[in-house]
Amino acid sequence: MQYDDFINLTKESEPSNNLSGVHLAIWYAVKDNWDMAHNIVQDINTDTASWIHAYLHRVEGDSSNANYWYNRASKNASTESLESELNNIIKSVFN
């Protein structure tokens, strides 16, 4: 799936049945459903999932927990806007 295809999916009110794992977590993050995105991503043990997890804790305002997850993702803590970071996550997953 390409970036533009995914962005089009986020315009729908329900996620596609073809989305799972980090893709589904990102869909819920875009839709501002923190709880669902967090529930999905916390059970995935990859650098990308850890990055999404860090981002979600930034959204929540929990910077110490976010920093823990950035470290797990082997990334520096983000200082960019939340919108920019989420877009960078999407771009890294959907090339």
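For SER78, indicate whether it is in contact (Cβ under 8 Å) with a residue 12 or more places away in the chain and not in a helix (DSSP H, G or I). So SER78 fits the description; yes.
Table: residues versus (1) surrounded by fewer than 18 Cβ atoms within 10 Å (Cβ to Cβ); (2) farther than 24 Å from SER20 by Cβ; (3) touching a residue at least 60 places away in the same chain (Cβ under 8 Å).
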site	(1), (2), (3)
ILE52	no, no, no
SER63	yes, yes, no
SER84	yes, yes, no
LYS91	yes, no, yes
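Scanning segment 22-45 for residues that are without any contact (Cβ under 8 Å) to a residue 40 or more places away in the chain and touching a helix residue (DSSP H, G or I) at 6+ places or on another chain (Cβ under 7 Å) returns LEU24, ALA25, TRP27, TYR28, TRP34, MET36, ALA37, HIS38, ILE40, VAL41, GLN42, ILE44. In summary, ASN67 fulfils each of the numbered conditions (1) within 16 Å of SER92 (Cα to Cα); (2) in contact with a helix residue (DSSP H, G or I) (Cβ under 8 Å, 6 or more places away or on another chain); (3) open to solvent by 60 Å² or more (accessible area, probe 1.4 Å) with the single exception of condition (1).
The values are calculated or read from the model by the stated rules, or taken from the named source; none is laboratory data. Since the structure is predicted, the reported quantities are computational estimates derived from the model, not experimental observations. No Cβ is skipped: glycine too gets one built from the backbone with ideal geometry, and neighbour counts run over all protein chains shown. To get the accessible areas, we keep the full protein, side chains included, count just its heavy atoms, and leave off ligands, DNA and RNA. Shrake-Rupley method; radii C 1.70, N 1.55, O 1.52, S 1.80 Å.
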